[in-house]
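Enquirer: Sharing a structure with you now.
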Amino acid sequence: MTVESNRDDLSENNAVQILCDSYINAIHKIRDENFDEIFEMMFQARRIYIYGSGQVQNSIAKELYRLFSNEGVYLYPLDHTVNYEALCKNMKQEDLVMIITLSGKSPETLKLAKFLNMQGIPFIFITKLQQNPVAMLSNASIFFQTSQYEIISKAIDSSSVLFLICEILALKYQNFIKKKQEQAVSAGETGDQE
């Protein structure tokens, strides 16, 4: 085995280690973060719309739809080819929009965020941990980190962590709802005793 092939092995192992470590860190961050404010917005919303700014983000939106519909929470998908102004005319301030994007810098995503903001329609922004114009406009944000690695000399941002985040969010929302139901039962029992 040559010195050069050893370097390649080390580099490949290092990339795998970095990727795995980033997943572990993201899982711990989402596990430990309190999303009660976001979950309350979802619970109170008349309708929840979900928008993915690209192909991967649309896959994440579909996964969130699948996971949350199991809990009886339906997310209405917004396709990025839709005329937002026409669609948003049917939205009310009691509705909620979830926007999934990697950078938050695409003109279409920024246009949607500005329009929602002007209409007073609340939205949650799910994006990479970085400052961007859409995050500053949103009512709440969920930030995540990605790792970059190379495949055939092309830098790739790993987006698989988003699927893990989706599952954790769905489980945490389920716990949030159970807690609300327990509080309601407890409040009802207290109210009956007075």
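The values are calculated or read from the model by the stated rules, or taken from the named source; none is laboratory data. Here the structure is a predicted model, which is why all the values come from computation and not from measurement. Counting neighbours? That spans all protein chains shown, and the Cβs are built from the backbone with ideal geometry, glycine included. The protein model used for the area step is the full one, side chains on, heavy atoms only, and it has no ligands, DNA or RNA in it. Shrake-Rupley method; radii C 1.70, N 1.55, O 1.52, S 1.80 Å.
Enquirer: Is at least one residue of region 167-180 hydrophobic (A, V, I, L, M, F, W, C) and at pLDDT below 90?
Expert: Start the filter on region 167-180 by keeping residues that are hydrophobic (A, V, I, L, M, F, W, C), which leaves 168-171, 176-177.
Those left that are additionally at pLDDT below 90: none.
No, region 167-180 has no match at all.
Enquirer: I'm told LEU112 meets every condition in (1) modelled with pLDDT of 90 or more; (2) open to solvent by less than 20 Å² (accessible area, probe 1.4 Å) except one. Can you identify the failing condition by its number?
Expert: (1)
Enquirer: Could I ask something else about it? So which of LEU164, LEU87, LEU137, LEU75 ends up being crowded, with 17+ Cβ neighbours inside 10 Å and either over 17 Å from PHE39 (Cβ atoms) or β-branched (Val, Ile, Thr) (or both)? Explain how you work it out, then say what you get.
Expert: Numbers: LEU164 fails: crowded, with 17+ Cβ neighbours inside 10 Å; LEU87 fails: crowded, with 17+ Cβ neighbours inside 10 Å; LEU75 fails: either over 17 Å from PHE39 (Cβ atoms) or β-branched (Val, Ile, Thr) (or both).
Every option except LEU137 fails the conditions.
For every residue, the table says whether it meets (1) farther than 17 Å from SER138 by Cβ; (2) crowded, with 17+ Cβ neighbours inside 10 Å; (3) at pLDDT below 90; (4) not small (Gly, Ala, Ser).
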position	(1), (2), (3), (4)
CYS20	yes, no, yes, yes
HIS28	yes, no, no, yes
GLU33	no, no, no, yes
ILE38	no, yes, no, yes
MET42	no, yes, no, yes
ALA45	no, yes, no, no
ILE50	no, yes, no, yes
SER59	yes, no, no, no
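Enquirer: Please determine whether any residue of region 103-118 is in contact with a Gly (Cβ under 6 Å, 6 or more places away or on another chain) and not in a loop (DSSP other than H, G, I, E, B). Don't jump to the end; show me each part of the working.
Expert: As a first pass, look at region 103-118 and keep what is in contact with a Gly (Cβ under 6 Å, 6 or more places away or on another chain): none.
No, region 103-118 contains no residue that is in contact with a Gly (Cβ under 6 Å, 6 or more places away or on another chain) and not in a loop (DSSP other than H, G, I, E, B).
Enquirer: So, in region 156-188, exactly how many residues are assigned to a helix (DSSP H, G or I) and free of Cβ contacts under 8 Å to residues at least 40 places away in the same chain? Steps first, please.
Expert: Pass one, region 156-188, residues assigned to a helix (DSSP H, G or I): 161-188.
Those still in the list that are free of Cβ contacts under 8 Å to residues at least 40 places away in the same chain too: 171, 175, 178-179, 181-188.
Residues meeting the conditions: 12.
Enquirer: Mind counting the residues in region 90-104 that are crowded, with 17+ Cβ neighbours inside 10 Å and at pLDDT 85 or above?
Expert: Selection size over region 90-104: 8.
Enquirer: Name the single residue that is nearest to GLU63 (Cα to Cα) among those in region 112-155 being in contact with a helix residue (DSSP H, G or I) (Cβ under 8 Å, 6 or more places away or on another chain), touching a residue at least 24 places away in the same chain (Cβ under 8 Å) and polar (S, T, N, Q).
Expert: Among them, the one singled out is THR127.
Enquirer: A further question on this structure: Looking at ALA155, is it small (Gly, Ala, Ser), within 30 Å of VAL16 (Cα to Cα) and surrounded by fewer than 14 Cβ atoms within 10 Å (Cβ to Cβ)? Before you say what the answer is, go through the steps one by one.
Expert: On the way: small (Gly, Ala, Ser): yes; within 30 Å of VAL16 (Cα to Cα): yes; surrounded by fewer than 14 Cβ atoms within 10 Å (Cβ to Cβ): yes.
It is true that ALA155 is small (Gly, Ala, Ser), within 30 Å of VAL16 (Cα to Cα) and surrounded by fewer than 14 Cβ atoms within 10 Å (Cβ to Cβ).
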